[in-house]
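J.: Attaching a single structure in structure tokens format; questions to follow.
The values are calculated or read from the model by the stated rules, or taken from the named source; none is laboratory data. The model shown is predicted, which means the values in this text are computed figures rather than measured ones. Glycine gets a Cβ as well: all are built from the backbone with ideal geometry, and neighbour counts include every protein chain shown.
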2 protein chains.
Amino acid sequence: MPNTESYPIHPIAHIHTDFAEKFGIPRQAGLVDALTARIVFTPEYRVAEAVRGIEQYSHLWLIWQFSREVGRPWHPTVRPPRLGGNTRVGVFATRSPCRPNALGLSSVRLTGVDTDAPDGPALIVAGADLLDGTPIFDIKPYLPYVDSHPDAAGGFSAATAGRRLAVDFPPKLLARVPQDKRAALTGVLAQDPRPGYQHDPGRVYAMSFAGLTVKFTVDDTSPDLRLTVVDIV
Amino acid sequence: MPNTESYPIHPIAHIHTDFAEKFGIPRQAGLVDALTARIVFTPEYRVAEAVRGIEQYSHLWLIWQFSREVGRPWHPTVRPPRLGGNTRVGVFATRSPCRPNALGLSSVRLTGVDTDAPDGPALIVAGADLLDGTPIFDIKPYLPYVDSHPDAAGGFSAATAGRRLAVDFPPKLLARVPQDKRAALTGVLAQDPRPGYQHDPGRVYAMSFAGLTVKFTVDDTSPDLRLTVVDIV
């Protein structure tokens, strides 16, 4: 039976991040705190008053659009990469982008409010897992007394949550990365940007980050799961 | 400048709660865990597969619609009731319903999946702060390793977060409330359902809950801020 009840929503802002492509974006917000992003309100909402008091909060919620998924047909199940890509899980039991209404939810850390910029007030945030240019539908303060449930059961995501790669970043390649982007890039690589089901030790992966192309290999046979950067162009 | 970028979203479910009116709904989710609600998927999404694995999570996120606010003009600032109703705060620094796109965000506790019901699979949740019949646009699992920030700074909401009223519920009135609704109703009353700026000790307030009308007074002059139930009809 088709769904006839429908409501229009519109972006109140767009976010500017170092990710021009999906490949490499951390799987959730907050995993790489060194990532910085800038939230610029659309002209209608570009009003200093609308963010008055927001600096009293350390974290914000963003409700946003998985813009590359809009209009795709929905499927009741998805295959999360972290489960190896073969196990089917109900879409509402995942944070998969392939979902009805294509809405994303991320908590980010607020590091500053850029009030005086020509496009201000803009919000500077850390840890965002969003594609550059992503439309944002809402920004809300994070309220720890109702939003924080440290003992919540984390389901199948919990098992692989803490996994990190050791990153081998040759100094002469690292020197090609702007100094203020190095920690963020290293953090992104440590998250293991490879698709969960693609573990080919001979393969050279290429990831876009902050206008650079980052090439790397991953040796799954080393005991510490080592990622090696082989080129930066 | 008008906003021309717009996207349609549609309800994937509706929630059934004991709140037929806004008055009395706790100000955030999770404040009254004894409240139970039932999430019924719209026919298109009423598929057992779509929630496969969801029972591995203890908490869920709901993204929903402040349905009574849809289409209202937006204002850059709001006056949160908890601040007495006189202090203006930027709309994006609050969880106010009066916001662009009228989207709500709540974390609820998943207590069961009603798979075999005629309208199943339905989700049974605790702590929902939603009006009966509220459209839900997305359901996501709560991931403690990325969603929980117990040390986040809570801004001005933190100051009044823990306030509770002592509830005086005469046994003969309590007996008129179905047994399985008593803890929830008492919990709702303890949250102080009055508007923040309305403190009239002589006034009899009337709140709708689970098909009942609950009448009460609040004595602000008593040292423990006492709410007394005076009638149940």
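J.: Anything in region B:45-62 that is within 7 Å of chain A (Cβ to nearest Cβ), more than 20 Å from B:Thr134 (Cα to Cα) and touching a Leu at 6+ places or on another chain (Cβ under 9 Å)? List them, or say none.
T.: Within region B:45-62, B:Ile54, B:Tyr57, B:Ser58 qualify.
J.: Restrict the check to region B:101-110 and report whether at least one residue is within 9 Å of another protein chain (Cβ to nearest Cβ), basic (Lys, Arg), within 21 Å of the chain's Cα centre (by Cα) and not in a loop (DSSP other than H, G, I, E, B).
T.: Among the residues of region B:101-110, at least one is within 9 Å of another protein chain (Cβ to nearest Cβ), basic (Lys, Arg), within 21 Å of the chain's Cα centre (by Cα) and not in a loop (DSSP other than H, G, I, E, B), which makes the answer yes.
J.: Here's something else I'd like to know. Being in contact with a His (Cβ under 9 Å, 6 or more places away or on another chain), surrounded by 20 or more Cβ atoms within 10 Å (Cβ to Cβ) and β-branched (Val, Ile, Thr): is that true of A:Val146 here?
T.: So A:Val146 fails the test.
J.: Give the residue that is surrounded by the fewest Cβ atoms within 10 Å (Cβ to Cβ), with candidates limited to residues of region A:79-93 that are within 13 Å of B:Lys140 (Cα to Cα) and free of Cβ contacts under 8 Å to residues at least 60 places away in the same chain.
T.: This residue is A:Gly90.
J.: What about B:Arg99, is it crowded, with 22+ Cβ neighbours inside 10 Å, of a type in the set (Lys, Arg), modelled with pLDDT of 95 or more and not assigned by TED's automatic domain parsing to the domain that holds B:Thr186?
T.: So B:Arg99 passes the test.
J.: On the given criteria, is A:Gln65 at the interface with chain B (Cβ under 8 Å from one of its Cβ atoms), of a type outside the set (D, E, K, R) and over 21 Å from B:His75 (Cβ atoms)?
T.: Spelling it out, A:Gln65 is indeed at the interface with chain B (Cβ under 8 Å from one of its Cβ atoms), of a type outside the set (D, E, K, R) and over 21 Å from B:His75 (Cβ atoms).
J.: A further question follows. When you go through B:Asp116, B:Asp138, B:Asp129 one by one, which is the residue that is out of contact with any helix residue (DSSP H, G or I) (no Cβ under 7 Å at 6 or more places or on another chain), buried (at least 22 other Cβ atoms within 10 Å of the Cβ), assigned by TED's automatic domain parsing to the domain that holds B:Ala50 and of a type in the set (Asp, Glu)?
T.: B:Asp129
J.: Is at least one residue of region B:79-90 more than 7 Å from every other protein chain (Cβ to nearest Cβ) and modelled with pLDDT of 95 or more?
T.: Checked region B:79-90: no residue is more than 7 Å from every other protein chain (Cβ to nearest Cβ) and modelled with pLDDT of 95 or more.
J.: Looking for whichever is closer than 30 Å to A:Ser6 by Cα, within 12 Å of another protein chain (Cβ to nearest Cβ) and at pLDDT 95 or above here; the options are B:Asp138, B:Asp132. Which one fits?
T.: B:Asp138
J.: When you check B:Val70 against the structure, is it at pLDDT below 95 and either surrounded by fewer than 22 Cβ atoms within 10 Å (Cβ to Cβ) or within 11 Å of another protein chain (Cβ to nearest Cβ) (or both), yes or no?
T.: The answer is yes for B:Val70.
J.: Let me ask you something else. Within region B:6-44, work out how many residues are outside any loop (DSSP other than H, G, I, E, B), facing another protein chain (nearest Cβ under 8 Å) and surrounded by 22 or more Cβ atoms within 10 Å (Cβ to Cβ).
T.: Residues in region B:6-44 being outside any loop (DSSP other than H, G, I, E, B), facing another protein chain (nearest Cβ under 8 Å) and surrounded by 22 or more Cβ atoms within 10 Å (Cβ to Cβ): 1 in total.
J.: Right, next: Got at least one residue in region A:48-71 being assigned to a loop (DSSP other than H, G, I, E, B) and in contact with a Ser or Thr (Cβ under 7 Å, 6 or more places away or on another chain)?
T.: Scanning region A:48-71, I find at least one residue that is assigned to a loop (DSSP other than H, G, I, E, B) and in contact with a Ser or Thr (Cβ under 7 Å, 6 or more places away or on another chain), so the answer is yes.
J.: Scan region B:201-215 and tell me whether some residue there is over 30 Å from B:Pro43 (Cβ atoms) and within 14 Å of another protein chain (Cβ to nearest Cβ).
T.: no
J.: I need the full set of residues from region A:48-60 which are touching a residue at least 24 places away in the same chain (Cβ under 8 Å) and crowded, with 19+ Cβ neighbours inside 10 Å, in order please.
T.: Within region A:48-60, A:Ala50, A:Val51, A:Ile54, A:Tyr57, A:His59, A:Leu60 meet the criteria.
J.: Which of the residues spanning region A:182-233 are among the basic types (Lys, Arg) and more than 26 Å from A:Thr36 (Cβ to Cβ)?
T.: Result: A:Arg203, A:Arg226.
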